[in-house]
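The values are calculated or read from the model by the stated rules, or taken from the named source; none is laboratory data. Every value quoted in this text rests on a predicted model; they were computed, and no experiment measured them. Cβ placement follows ideal geometry from the backbone for every residue including glycine, while neighbour counts extend to all protein chains displayed.
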Amino acid sequence: MGVPSLFHIKKAIASLNPEQVRKLADRPIRIGVYASSPQSFQRIEDFFLRDLRPERRQESAELLVREPSGQGPSDITLFDEGVIAPPRGLVFRSEHPDTLVRSILERHEDLGVPLARAFLPFRRPFVERVISKTSRENAIFSLTTALPDIIPSIIELPWAVAEFASDTAFITMNQLKMAFLIAAASDRPVGYREQKSEVAAVVAGAFGWRAIARQVVGKIPFGGGLVGKAAIAYAGTKVIGLSLDRLYAIGYTYSREERESLYRDAFQQGRNVAWRILTYLRPDLVAKFNRAESSKRAAASYPHA
């Protein structure tokens, strides 16, 4: 990677302030619970507070309040299954509590970080959402910046495209933001100094990604190379996210063999995502590629004498 690319990565990193993620993690939240009995409230509390260390459990328990409490409106209102809930109310059903978790995250996306930090049932679903969203964003950006007649900003990417002179800079910064979010959701320190090993790994990965992506684009014509480039961005981002999640959850990451297996699976997922995006943006390019592939197969079926 040349000096200009390093400069762009440095500029992109400088524009990303981890303090924003810290503020998200520290945002005070209050969950009001309408329960039919003290035992019902205890059952809900036990689900939310399960497997927390004692200090965190005590802090998180203060976020759950049995209604009516007279303390004002809650950020999230839940209803025990034994209570009559309003239409579309968030109901805790003891047989399917994870359904409630998904519903809360869908309706309250802005509260995902503090919820995951405070309550373990939210942690894995939220982290999975962050990894999936970031991987898809990076695949979209990698693909659309390679198409001269497509403006990436129409895809609703999280930052202004004009701020980035290369997709490598954008992808690197997006991966770092993902690292900050995963750390915050995992109740770990957030920041460049606090996560210096993770930050170094993300920045170092940008070198390999760029080299591989260039080779792929050059070898496959009519859009296939663009899809491969986007799939690399998707797979690299997903493996980084999964590795960080494992590191913060159990204290160590995947072996080399496990990472390679994860990368192969993620690369295929990324290809599927990229083809769907390319088919939507440039159906003419996809049709051209398919015709070229059909011609190649036909020529292979009838070799010259």
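Name the single residue, out of those in segment 24-70 being of a type in the set (S, T, N, Q) and assigned to a helix (DSSP H, G or I), that is surrounded by the most Cβ atoms within 10 Å (Cβ to Cβ). Taking the candidates together, the pick is Ser60. Pairs meeting the criteria (first residue in segment 283-297 and closer than 14 Å to Leu226 by Cα, second residue part of a helix (DSSP H, G or I), beta carbons under 7 Å, at least 6 apart or on different chains) are Leu285/Leu278; Val286/Leu278; Val286/Thr279; Phe289/Gly224. Taken over segment 85-96, residues that are under 20 Å from Asp46 (Cα atoms) and surrounded by 15 or more Cβ atoms within 10 Å (Cβ to Cβ) amount to 3. Put simply, of Tyr252, Tyr248, Tyr234, Tyr263 the only residue that is at pLDDT 85 or above and in a loop (DSSP other than H, G, I, E, B) is Tyr252. Among the residues making up segment 1-53, those that are modelled with pLDDT of 95 or more and aromatic (Phe, Trp, Tyr) are Tyr34, Phe41, Phe47, Phe48. Report yes if some residue within segment 71-84 is part of a helix (DSSP H, G or I), among the polar types (S, T, N, Q) and either within 28 Å of the chain's Cα centre (by Cα) or surrounded by fewer than 17 Cβ atoms within 10 Å (Cβ to Cβ) (or both); otherwise report no. Scanning segment 71-84, I find no residue that is part of a helix (DSSP H, G or I), among the polar types (S, T, N, Q) and either within 28 Å of the chain's Cα centre (by Cα) or surrounded by fewer than 17 Cβ atoms within 10 Å (Cβ to Cβ) (or both), so the answer is no.
Of all residues being of a type in the set (D, E, K, R) and surrounded by fewer than 16 Cβ atoms within 10 Å (Cβ to Cβ) in segment 11-23, which is farthest from Gly89 (Cα to Cα)? Just the residue, please. Per the stated criteria, the residue is Lys11.
Every residue, every condition in (1) more than 25 Å from Thr279 (Cβ to Cβ); (2) modelled with pLDDT of 95 or more, yes or no:
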| residue | (1), (2) |
| --- | --- |
| Gln71 | yes, no |
| Ala85 | yes, no |
| Glu95 | yes, no |
| Pro114 | yes, yes |
| Leu143 | no, no |
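A single member of Ser186, Ser166, Ser132 is at pLDDT below 95, hydroxyl-bearing (Ser, Thr, Tyr) and surrounded by fewer than 24 Cβ atoms within 10 Å (Cβ to Cβ), and it is Ser166.
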